[in-house]
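These notes are about the structure you will find just below.
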Amino acid sequence: MKAKITRRDFVRTSAAVGAVAGLSTNLYGLPQSKGTRPLVVSSSNGLRTNEKAMQMIRAGADTMDAVIAGVNIVEDDPKDMSVGYGGLPNEEGDVELDASVMHGPSKRAGAVASLRHIKNPSKVAKLVLERTDHVLLVGEGALRFALAHGLKKEDLLTEEARVVWLRWKETRSDRDAWGPGLDAPPDSQTTGLILDSDMKREELLALADRIIASPPTGTINCLAINERGDISGTTTTSGLAFKIPGRVGDSPLIGCGLFVDNEIGAAGSTGRGEECIKINGAHTVVEMMRKGMSPAEACMEAVKRVAANYNNDKKKLQRVGINFYALNKQGEHGAATLWGPSIGEDGRRRRSQYAAHDGRENKRIEIPYLFESLNER
Ligand code: ASP
């Protein structure tokens, strides 16, 4: 089924993005970057990741080592509540992490899911790739494997994440014994999961209420190509906040949250993992590039498939946020998202972005979208 994208949506999207990002537009009106190698592309939380990965690639490092070192910065950061240490926990208060990695030149993949106590699941995914002939380890087995390789067992639940989780538990229902039985907080979009430094308790509780109203997802995906055209990628996440223990999203699933084909390009996803899994998102994007689509077009095709699964019903899709990111063998990059700008509580318009480092500049770029946000109308 074809997604209905109105001409107005389409023109607004492409013109605005092309202008803002300084990118030219292609035949289909979607933004088209100029091909450059080396190139590093990440989700919007990846500026520091891009910087690190680019620096390593320039110094001659393998692209896989570069992307892993890049995302380790975000995994280690307690202020990012969507990845690694400080990530929001599952419904029982345990932080469970997922990650995947693919190495284009050797055509290998590794991944871990529902991993507890290890703050760098991307490192464990890389160990699975390098040290076993398996692709995916989960839960207790993944933890034992990590410990056997000398990684440290840690408590990953930060004080801030604990406060947010407990608030979620207490406001969940007025029919259980947790909390004062408050009415559910009003619906609102969660607008970012990076903690400000030194948040006061009231500010943290206000953030918790926004998170509870719309349990967020959050992740980092990083893709890189070097001068020779070798490509790698990784995706790492704490997954859906307050998930049922054992829930696995798209991030550790090869072909969903990440896919690399050294001859074609690479793609990754962040957002509602269940929707990405149902369309095999990253693999779809790479296959569309194989057929000749630009990275941005291929990403938009994946977004349209997500929407088509709901017959493009914007009401049903309201709670779905999903982004795809891609780069191709020529060093062109692009992304696409489901929803256009939303108006934040401060009245400011917020647009989804991704981060790209083309060797000269490392910057955030606005992402073309399929539908305008309902609160924009
Ligand atoms: N895709 C991840 C998941 O569903 C989370 C996210 O990217 O926000 O687990």
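Brief remarks follow.
- GLY239 meets each of the listed conditions (1) of a type in the set (Gly, Ala, Ser); (2) away from the ligand (no atom under 12 Å from the Cβ); (3) within 13 Å of the chain's Cα centre (by Cα); (4) part of a loop (DSSP other than H, G, I, E, B) apart from (2).
- Residue match in region 265-274 (condition: within 11 Å of the ligand (Cβ to nearest atom), among the acidic types (Asp, Glu) and touching a Gly at 6+ places or on another chain (Cβ under 8 Å)): yes
- Evaluated against (1) in contact with a Gly (Cβ under 9 Å, 6 or more places away or on another chain); (2) surrounded by 18 or more Cβ atoms within 10 Å (Cβ to Cβ), ARG290 falls short on exactly one condition, (2).
- Within region 242-264, tally of residues that are away from the ligand (no atom under 13 Å from the Cβ), of a type outside the set (S, T, N, Q) and either over 18 Å from ILE57 (Cβ atoms) or surrounded by fewer than 24 Cβ atoms within 10 Å (Cβ to Cβ) (or both): 7
Listed here are the residues, each with its yes/no results for (1) among the hydroxyl-bearing types (Ser, Thr, Tyr); (2) farther than 23 Å from ASP94 by Cβ; (3) modelled with pLDDT of 90 or more; (4) within 19 Å of the chain's Cα centre (by Cα).
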residue: VAL164; (1), (2), (3), (4): no, no, no, no
residue: GLU170; (1), (2), (3), (4): no, no, no, no
residue: LEU182; (1), (2), (3), (4): no, yes, no, no
residue: THR191; (1), (2), (3), (4): yes, yes, no, yes
residue: PRO216; (1), (2), (3), (4): no, no, no, yes
residue: ALA224; (1), (2), (3), (4): no, yes, yes, yes
residue: ARG228; (1), (2), (3), (4): no, yes, yes, no
residue: GLU263; (1), (2), (3), (4): no, yes, yes, no
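- Cβ-Cβ under 9 Å pairs, at least 6 apart or on other chains, region 64-87 side free of Cβ contacts under 8 Å to residues at least 40 places away in the same chain, far side hydroxyl-bearing (Ser, Thr, Tyr) and not in a loop (DSSP other than H, G, I, E, B): ASP65/SER232; ALA69/THR49; ILE73/THR49
- Residue check, THR234 near the ligand (Cβ under 9 Å from one of its atoms) and crowded, with 22+ Cβ neighbours inside 10 Å: no
- Verdict on TYR310 being of a type outside the set (A, V, I, L, M) and assigned to a loop (DSSP other than H, G, I, E, B): yes
The values are calculated or read from the model by the stated rules, or taken from the named source; none is laboratory data. Given the structure is predicted, the values throughout are model-derived calculations rather than measurements. Note that each Cβ is placed from the backbone with ideal geometry, even for glycine, and that neighbours are counted across all protein chains shown.
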